[in-house]
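First up is the structure itself, then whatever we jot down about it.
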Number of protein chains: 2
Amino acid sequence: MSGAAPGVDLSRFESSLGFLLRLSQQKIFARFFATLGPLDLTPGAFTILLALRDNPGLRQGVLANALMIKRANMAKIVRALVDRGLVSRHVPEDDRRAIELNLTPEGAAFVAAREGAFFAHDDESSPELTDNERETLLGLLRKLAGTQGETP
Amino acid sequence: MSGAAPGVDLSRFESSLGFLLRLSQQKIFARFFATLGPLDLTPGAFTILLALRDNPGLRQGVLANALMIKRANMAKIVRALVDRGLVSRHVPEDDRRAIELNLTPEGAAFVAAREGAFFAHDDESSPELTDNERETLLGLLRKLAGTQGETP
DNA sequence: TATTGTTATACTCTATAACTATA
DNA sequence: TATAGTTATAGAGTATAACAATA
């Protein structure tokens, strides 16, 4: 933490995964909003749209589980996306409790228009690291984050 | 993301630092609350107490800067800690705008009683990784997170 | 004028519990 | 009974703007 606020001893936290994850995420998110803030999308909502583009007809609960978002919260986000005309719902015949989600044509256009900027930003969001270090970090985070869904 | 929800294609996010950081932090925090929830401390508040133990008399704004917490939010957190009797304020002679923070004896006892459990938990919070991988991850996050304070 | 801290406010994210409708 | 989704609500966390006191 040598580059931190001078004169403040944070050495006790240098081995704390939780502390370093919070600081790192905050830094990345701050850059995200500074660069992509005017694009009319939050990281969370865009993640959902992108996941639906790659998984058309995905059920709401399965999506919530994959992204580690509680179903109660997913319901609210999806409602907002439906209200904006970006996502459509469909109740399948074989299980009328479930809801299948799809991008509307507007949603697909919305994603297509922004994903370039989104991923370009993401690629450039860690100038502190070399390309090799970035790849190593991504690999370790993938291993750490491997999801197993909601714990009720 | 092979261990994720089966049948959901999240490959588009496997190179997104922001996405993986969010998932990782969420996992680590969930474990934190599951294990240490009854200990009467949130990660944020405990971080502040620990930082004050290692940096007695630290000024509020400097602390906020070091921990990447906005001053407006730090004011609220500090007030709560003062109300709980864990932190004391002192206005220095040479700059009567500033506030120096210290742990009270109660605050010091509070930290001493909990830091063992806190760091023990942190050490065990990433069973997905080998010791070597964990060290590598910590090093990369340190490099990425090297703070530079609030951007006004 | 600039800085330190405070208040007020709002928005996002997260979590739980109680509800409905279907199975 | 159990599951899928919804609603209501509450709590952190974070952001900005306006303000008072001090420098």
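Can you tell me which condition B:R84 does not meet? The list is (1) exposed (fewer than 14 other Cβ atoms within 10 Å of the Cβ); (2) more than 8 Å from chain A (Cβ to nearest Cβ), and all the others hold.
Among (1) exposed (fewer than 14 other Cβ atoms within 10 Å of the Cβ); (2) more than 8 Å from chain A (Cβ to nearest Cβ), B:R84 violates only (1).
For A:N55, work out the one condition from (1) within 16 Å of DNA strand D (Cβ to nearest atom); (2) under 27 Å from A:K27 (Cα atoms) it doesn't fulfil.
(2)
Only one residue in A:L49, A:L63, A:L39, A:L140 is under 19 Å from B:S16 (Cα atoms) and within 14 Å of DNA strand D (Cβ to nearest atom). Which one? Working first, answer last.
On the way: A:L49 fails: within 14 Å of DNA strand D (Cβ to nearest atom); A:L39 fails: within 14 Å of DNA strand D (Cβ to nearest atom); A:L140 fails: within 14 Å of DNA strand D (Cβ to nearest atom).
Testing whether each residue is under 19 Å from B:S16 (Cα atoms) and within 14 Å of DNA strand D (Cβ to nearest atom) leaves just A:L63.
Can you tell me which of (1) part of a helix (DSSP H, G or I); (2) within 7 Å of chain B (Cβ to nearest Cβ); (3) open to solvent by 20 Å² or more (accessible area, probe 1.4 Å) is the one A:A51 doesn't meet?
(3)
So A:D9 ticks every box in (1) facing chain B (nearest Cβ under 9 Å); (2) assigned to a helix (DSSP H, G or I) but one. Which box is left unticked?
Condition not satisfied by A:D9: (2).
Considering (1) touching a Leu at 6+ places or on another chain (Cβ under 7 Å); (2) closer than 24 Å to B:I99 by Cα; (3) within 12 Å of DNA strand C (Cβ to nearest atom), say which one B:G61 fails and leave the rest.
All conditions pass for B:G61, except number (1).
If A:I28 satisfies all but one of (1) surrounded by fewer than 21 Cβ atoms within 10 Å (Cβ to Cβ); (2) touching a Gly at 6+ places or on another chain (Cβ under 6 Å), what's the number of the condition it fails?
So the condition that A:I28 fails would be (1).
Can you pull out every residue in segment A:69-108 that is more than 13 Å from DNA strand C (Cβ to nearest atom) and within 19 Å of the chain's Cα centre (by Cα)?
Result: A:V82, A:L86, A:V87, A:L101, A:N102, A:L103, A:G107, A:A108.
Before we move on, is B:R59 among the charged types (D, E, K, R), out of contact with any Pro (no Cβ under 9 Å at 6 or more places or on another chain) and surrounded by 13 or more Cβ atoms within 10 Å (Cβ to Cβ)?
Details: among the charged types (D, E, K, R): yes; out of contact with any Pro (no Cβ under 9 Å at 6 or more places or on another chain): no; surrounded by 13 or more Cβ atoms within 10 Å (Cβ to Cβ): yes.
Against the criterion (among the charged types (D, E, K, R), out of contact with any Pro (no Cβ under 9 Å at 6 or more places or on another chain) and surrounded by 13 or more Cβ atoms within 10 Å (Cβ to Cβ)), B:R59 does not qualify.
With the structure loaded, tell me whether B:R97 is among the charged types (D, E, K, R), out of contact with any Phe, Trp or Tyr (no Cβ under 7 Å at 6 or more places or on another chain) and within 11 Å of chain A (Cβ to nearest Cβ) or whether it fails that test. Please lay out each step first, then the result.
Values: among the charged types (D, E, K, R): yes; out of contact with any Phe, Trp or Tyr (no Cβ under 7 Å at 6 or more places or on another chain): yes; within 11 Å of chain A (Cβ to nearest Cβ): no.
In short, no.
For segment B:38-47, indicate whether the set of residues that are of a type in the set (G, A, S), open to solvent by 50 Å² or more (accessible area, probe 1.4 Å) and at pLDDT below 90 is non-empty.
Let us first name the residues in segment B:38-47 that are of a type in the set (G, A, S), namely B:44-45.
After this cut, where a residue has to be open to solvent by 50 Å² or more (accessible area, probe 1.4 Å) as well, the list is none.
Scanning segment B:38-47 turns up no residue that is of a type in the set (G, A, S), open to solvent by 50 Å² or more (accessible area, probe 1.4 Å) and at pLDDT below 90.
If I go through segment A:62-76 residue by residue, how many of them are open to solvent by 50 Å² or more (accessible area, probe 1.4 Å), in a helix (DSSP H, G or I) and within 14 Å of another protein chain (Cβ to nearest Cβ)?
Here is the first cut: in segment A:62-76, the residues open to solvent by 50 Å² or more (accessible area, probe 1.4 Å) are A:62, A:65, A:70-73, A:76.
If we keep only those that are in a helix (DSSP H, G or I) as well, we get A:62, A:65, A:71-73, A:76.
Keeping just the survivors that are within 14 Å of another protein chain (Cβ to nearest Cβ) gives A:62, A:65, A:71, A:73.
Number of matching residues: 4.
Scan B:L81, B:L101, B:L137 and give me the residue that is in a helix (DSSP H, G or I) and in contact with a helix residue (DSSP H, G or I) (Cβ under 6 Å, 6 or more places away or on another chain). Can you show your working first?
Numbers: B:L81 fails: in contact with a helix residue (DSSP H, G or I) (Cβ under 6 Å, 6 or more places away or on another chain); B:L101 fails: in a helix (DSSP H, G or I).
Selected residue: B:L137, the only one of B:L81, B:L101, B:L137 that is in a helix (DSSP H, G or I) and in contact with a helix residue (DSSP H, G or I) (Cβ under 6 Å, 6 or more places away or on another chain).
I need every pair where a residue in segment B:87-99 that is free of Cβ contacts under 8 Å to residues at least 40 places away in the same chain has its Cβ under 6 Å from the Cβ of a residue that is polar (S, T, N, Q) and part of a strand (DSSP E or B), sequence separation at least 6 or different chains.
Listed pairs, sorted by first residue: B:S88/B:N102.
Yes or no: B:V111 open to solvent by less than 50 Å² (accessible area, probe 1.4 Å), within 11 Å of chain A (Cβ to nearest Cβ), over 24 Å from A:R31 (Cβ atoms) and β-branched (V, I, T)? Give the steps one after another, and end with the answer.
Numbers: open to solvent by less than 50 Å² (accessible area, probe 1.4 Å): yes; within 11 Å of chain A (Cβ to nearest Cβ): yes; over 24 Å from A:R31 (Cβ atoms): yes; β-branched (V, I, T): yes.
Judged against the criteria, B:V111 is a match.
Being more than 13 Å from DNA strand D (Cβ to nearest atom) and acidic (D, E) is the filter here; which residues of segment A:66-113 pass it? First the steps, then the outcome.
Within segment A:66-113, the subset more than 13 Å from DNA strand D (Cβ to nearest atom) is A:68, A:84-86, A:93, A:103-113.
Correct list: A:E93, A:E106.
The values are calculated or read from the model by the stated rules, or taken from the named source; none is laboratory data. For clarity, every value in this text was computed on a predicted model and none was experimentally measured. When we count neighbours, we look across all protein chains shown, and the Cβ atoms used for this are built from the backbone with ideal geometry, even at glycine. Calculation scope for accessible area: heavy atoms of the full protein, side chains included, ligands and nucleic acids excluded. Shrake-Rupley method; radii C 1.70, N 1.55, O 1.52, S 1.80 Å.
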